[in-house]
Amino acid sequence: MMNSLFGLTSVLCFVVGTLILPFSNAQLDPSFYNTTCPNLHSIVSNVLTNVSKSDPRMLASLIRLHFHDCFVQGCDGSILLNDTSSIVSEQSAVPNNNSIRGLDVINQIKTAVENACPAVVSCADIVALAAEVSSELANGPSWQVPLGRRDSLTANQTLANQNLPAANFNLTLLISRFANQNLNITDLVALSGAHTIGRAQCRFFSNRLYNFSSSGNPDPTLNTSYLQTLKSICPNDGGSGTNLTNLDLTTPDTFDNNYYSNLQQQNGLLQSDQELWNTTGASTISIVNSFSSNQTLFFEAFKASMIKMGNIGVLTGSQGEIRTQCNFVNGNSSGLATLVTKQSQDNDGRVSSI
């Protein structure tokens, strides 16, 4: 009992501290557009409210898009850039190819923002705001997004392949990838909680069902009832790899803390999820338990970690630019012809750790 209370107190102390620290970053400020684009948040919210009515999965996809942007040369909108004669797009990197969703939605938001506030708001800030609004619309936490990012002039496919964690990572690899971005273990557990909404393709967890670690057997940490359910969705026939299932089997479209109680019951869909609770002696276990028993604590930690992640490698001031079109740098319209060619089809593809 004392260990549990100590763990909870430690998490609370971390959350309170982290909620304060990101706003001390003088480069970004939630009020950045108060004068130049005062209706920005409502513009983003209006677009996403309409989109989510026909595609509720998009909310999870936009949170993931922000994550995949920030982990590659910082939160600079580089993931949005299409292939050109001088840019090799991050969209073709293994963790992103036929996987990331929402590029067309970001473009839709950008068009609405440009109509109201021309050449003022960066695509990187739109991605960050879209992630926050998506959480809100899924009944999750809301927060004031620090703003003032500028857009990159380059993309980095090599870094995308190197930096983004994968669905089959063990805890050591997950911790390492997050540490490379100056994100700690609490950030890892909190941000993984984004898997409380969204879907995943069978091909990214089917090894857990049939041939875990080349054993020829299922993952022994997977709940046996859940295993049978997943086998019915993902038969071992080689043709079901793109079938989709919910990341959270209990409340798949509601942002809540059931993700963590699922882990406690061995019902984590991805190996990278279940590792947080099943790795013997891991410090992540007490955090999972705390978030499972206290949704408010999870929400506060998630907000803090999203703000912290949103500060990674930002461009500000005279760095970068404010793109007119999110898919290519200003003055290079060669990206127009392939503006939406990198959109994934009706799937979530490769799933990262959030």
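The values are calculated or read from the model by the stated rules, or taken from the named source; none is laboratory data. Since the structure is predicted, the reported quantities are computational estimates derived from the model, not experimental observations. Heavy atoms of the whole protein, side chains included, go into the accessibility calculation; ligands, DNA and RNA do not. Shrake-Rupley method; radii C 1.70, N 1.55, O 1.52, S 1.80 Å.
The table that follows gives values for the structure above.
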| quantity | calculated |
| --- | --- |
| Phi-based couplings in Hz for region 35-51 (Karplus 6.51, -1.76, 1.60; Gly and Pro marked x) | 8, 7, 8, x, 9, 4, 4, 5, 5, 4, 5, 5, 4, 6, 4, 5, 5 |
| Whether region 40-89 is rounded, prolate or oblate, judged on the alpha carbon gyration tensor where a/c under 1.5 counts as rounded | prolate |
| Most mobile listed residue (28, 173, 263) in the chain, GNM with C-alpha springs under 10 Å | 173 |
| Helix-only mean residue ellipticity at 222 nm for the chain, each DSSP H run of n ≥ 4 adding -39500 (n - 2.57), per residue, nearest 500 | -13500 deg cm²/dmol |
| Other-chain or far-sequence residues with amide H under 5 Å of residue 312's (modelled H) | 75 |
| Per-residue ³J(HN,Hα) for region 257-271, Karplus 6.51 cos²θ - 1.76 cosθ + 1.60, θ = phi - 60°, Hz, x for Gly and Pro | 9, 5, 3, 6, 5, 4, 4, 5, 9, 6, 10, x, 6, 9, 4 |
| Apportionment of accessible area to carbon and sulfur, region 51-210, percent (1.4 Å) | 47 |
| Degrees between helix 103-116 axis and first principal axis of the chain (Cα, 0 to 90, nearest 10) | 40 |
| Region 86-106-region 146-169 distance, computed between alpha-carbon centres (Å) | 10 |
| Listed candidates (i) 129; (ii) 142; (iii) 198 - label of the one calculated as volume of the Cα convex hull per residue in Å³ | (i) |
| Cα gyration tensor, region 115-229 - rounded (a/c under 1.5), prolate or oblate | prolate |
| Relative contact order (%) - criterion: Cα under 8 Å, at least six apart; region: the chain | 29 |
| Prolate/oblate/rounded label for region 210-273 (Cα gyration tensor, a/c 1.5) | oblate |
